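*Asks:* For reference, the structure I am asking about is given below.
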Amino acid sequence: MTYREKLQRRAIKNTEVKALKKLTPYDIILWSYLTEKTYKMQEDANKYCFKVHKDANKNDVKEAIKYIYKVTPLEVNIVNVAFKWRSQRKLVRRSHKKAIVTLDKKDKIEIWL
């Protein structure tokens with residue numbers, strides 16, 4: 001295999017869902033983040049933050065948002081939030097995944113408090 005063939009192979013975008021084969025869309029999207037920062041992101045840039053399942057990828061989150069909220073996301077970004085240990089307060093935050101979903105300006109998601 002030549003170098004050019006390797007580059008062409010790498011350029012193919014993967015659109016396969018991984019976790020939706022064994023989980024439901026409601027298992028992929030666990031809950032939404034509601035903080036001051038995420039609220040400002042919702043108002044200014046129409047971006048919403050969700051805690052998602054550890055096995056989920058961008059394609060899984062996109063399909064789950066389409067199914068649950070009936071809107072099509074423009075972009076999905078995934079962030080791995082690291083494990084944090086606070087020894088003074090005996091507080092432990094487990095590691096998890098966070099998805100930042102960008103929607104079109106005309107679309108909105110109603111999030112209940």
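Every number here is computed from the coordinates shown, using simple stated rules; none is lab data. Everything numeric here is computed off the predicted structure, so don't read it as measured data. Positions of Cβ are backbone-derived with ideal geometry, glycine not excepted, and every protein chain shown enters the neighbour counts.
*Asks:* Among (1) part of a loop (DSSP other than H, G, I, E, B); (2) surrounded by 16 or more Cβ atoms within 10 Å (Cβ to Cβ), where does Leu20 come up short?
*Replies:* So Leu20 meets the others, but not (1).
This table checks each residue for (1) farther than 18 Å from Thr24 by Cα; (2) in contact with a Ser or Thr (Cβ under 7 Å, 6 or more places away or on another chain); (3) touching a residue at least 24 places away in the same chain (Cβ under 8 Å).
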{"site": "Tyr67", "(1), (2), (3)": "no, no, yes"}
{"site": "Lys70", "(1), (2), (3)": "no, no, no"}
{"site": "Ile78", "(1), (2), (3)": "yes, no, yes"}
{"site": "Ala82", "(1), (2), (3)": "yes, yes, no"}
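*Asks:* Separate question: Just the residues that are more than 12 Å from Asn46 (Cα to Cα) and either in contact (Cβ under 8 Å) with a residue 12 or more places away in the chain or not in a loop (DSSP other than H, G, I, E, B) (or both), please, taken from region 91-109.
*Replies:* Leu91, Val92, Arg93, Ser95, His96, Lys97, Lys98, Ala99, listed by residue number.
*Asks:* Can you tell me which residues in region 80-108 are within 24 Å of Thr15 (Cα to Cα) and surrounded by 12 or more Cβ atoms within 10 Å (Cβ to Cβ)?
*Replies:* Val81, His96, Lys97, Lys98, Ala99, Ile100, Val101, Thr102, Leu103, Asp107
*Asks:* Of all residues in region 50-78, which are farther than 22 Å from Lys22 by Cβ, of a type in the set (A, V, I, L, M) and touching a strand residue (DSSP E or B) at 6+ places or on another chain (Cβ under 6 Å)?
*Replies:* Of everything in region 50-78, just one residue is farther than 22 Å from Lys22 by Cβ, of a type in the set (A, V, I, L, M) and touching a strand residue (DSSP E or B) at 6+ places or on another chain (Cβ under 6 Å), namely Leu74.
*Asks:* Just give me the residues in region 23-53 being surrounded by 12 or more Cβ atoms within 10 Å (Cβ to Cβ) and among the basic types (Lys, Arg), in sequence order.
*Replies:* Hits for region 23-53 are Lys47, Lys51.
*Asks:* Next up: Only one of these is under 15 Å from the mean Cα position of the chain (by Cα) and assigned to a loop (DSSP other than H, G, I, E, B): Asp60, Asp55, Asp27. Name it.
*Replies:* The unique qualifying residue is Asp55.
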